[in-house]
Amino acid sequence: MLKLARSLSFWSKNTASWVKTQRSEVQHSLCSEVLILQAWRSDKRHFCVGAAAMSRPKVLITRADIPQKALDMLNEKCEVDMWPESFPIPREQMLKKIQGKDAIFCLLTEKIDTEVLNAAGSSLKVIGTMSVGYDHLSLEEIKKRGIKVGYTPGVLTDATAELTVALLLATSRRLFEAHGELLNGGWGKCAWSPLWMTGWGLAGSTVGILGLGRIGQGVMQRLQGFGIKRFLYSGRSRRPEEEEKGAEFVPFDTLLKESDFIAVTCALNDQTRDIFNEEAFSKMKKSAIIVNTSRGGVIKQDALITALKTGQIRAAGLDVMTPEPLPPDHELTKLPNCTLIPHIGSAETTTREGMATLTASNIIAGLEDQPMPARLC
Ligand code: NDP
Ligand code: DGY
């Protein structure tokens, strides 16, 4: 990679002294901290060879508790500036710290928009997000500036699909409510009452999946053993391989009307934002259960709360919601037919390490002008 080196000191054969030059073209790689440089001094017409310590690319990491392996990878090749806390970096700190950085290692909690990109200026070359979702990134602005983006598809599919099934079962079999009854003495009042804490089984049901992508497919694969009668799916494109496994591509309206259980595993974008609104809930079965592990914005939350309170649908299980973190006294937390967990879809130990190291690899490759293992744009 050819780069303009500023303030380069080099050794002159004739004078045996270090001379400052402001503009020399140098070839360097991220791996070498000390480079042997050749520069042509046109005034004296002789060749000079020198060595100079090159500055390493600067990377901002927006959270302290990222897996050590990923940190080691970045520390080896870059100058790392890490926000030292395990809660999200305040916006003003990010705007300040991103100045002059070559790359940012961010999480889904950081909105990377025009303001951040302007603060970063022209030095920013790579964004590595430790997530597969990228609705927190203003992609149009990023593309305009030629900044590369890496993300983490695949490494979290199993963990998130598994969690989606766990949430579906926890909601349909009322696990959290039942646990609450055990703690609050409810169990003692009714012992083993035949109708107490009864839920709704999956066998013989119709399951609808909105977004039969990597995670949606993982959910379907895991549910195959539960005796599901029909799998319906909606999305922008058909998936012939999944249809061979039994999935039926249907319009969104049909998915709403015919599903007993709906799993939301799509990406959040302009078309899917608030797609589950008043109208959608009114089309669903009164006995329907919906689980969402995509993004909170896919469900219009006020409409969901009304649907849960009025019995328009039976229950909901949410790993994602609005806002995040949800205040503990939020209306959703008061609804017995709403199972809530705090965005833990990919929270599995080896998965999180895989996500972090993939993010680090994306950043390093992007900075070295090598193909990024998982490049979004
Ligand atoms: P994929 O890209 O493999 O799948 C995304 C799915 O969304 C595709 O099936 C796609 O359908 C569908 N989709 C996109 N736009 C639309 C639209 N306008 N209408 C209908 N369907 C649409 O991504 P993943 O499966 O890897 O991840 C999916 C999402 O899950 C992520 O974007 C992220 O938000 C969320 N996620 C949440 C986690 C958690 O912790 N809760 C963990 C990991 C991911 P089509 O191909 O037809 O366009
Ligand atoms: C993602 O990757 O998009 C999740 O929300 C967190 O794993």
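The values are calculated or read from the model by the stated rules, or taken from the named source; none is laboratory data. Note that the structure is predicted; figures quoted are calculated from it, not measured. Neighbour counts run over all protein chains shown; Cβ positions are idealised from the backbone, glycine included.
The table below lists the values:
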read-out: Scan of segment 262-281 for residues that are more than 6 Å from ligand 1 (Cβ to nearest atom) and either aliphatic (A, V, I, L, M) or at pLDDT below 95 (or both), ordered by number; value: I262, A263, V264, I275, A280
read-out: Of all residues in segment 81-109 being surrounded by fewer than 21 Cβ atoms within 10 Å (Cβ to Cβ) and of a type in the set (G, A, S), the one that is nearest to T152 (Cα to Cα); value: S86
read-out: Out of A119, A161, A170, sole residue that is away from ligand 1 (no atom under 16 Å from the Cβ) and at pLDDT 95 or above; value: A119
read-out: Matching residues in segment 135-162 - criterion: being outside any helix (DSSP H, G or I) and farther than 20 Å from L367 by Cβ; value: D135, H136, S138, P153, G154, V155, L156
read-out: Number of the exception - G216 against (1) more than 10 Å from ligand 1 (Cβ to nearest atom); (2) part of a helix (DSSP H, G or I); value: (1)
read-out: Which numbered condition P371 misses (of (1) within 13 Å of ligand 2 (Cβ to nearest atom); (2) out of contact with any Pro (no Cβ under 8 Å at 6 or more places or on another chain)); value: (1)
read-out: Residue, farthest from T109 (Cα to Cα), within segment 121-161, restricted to residues that are within 13 Å of ligand 2 (Cβ to nearest atom) and among the acidic types (D, E); value: D158
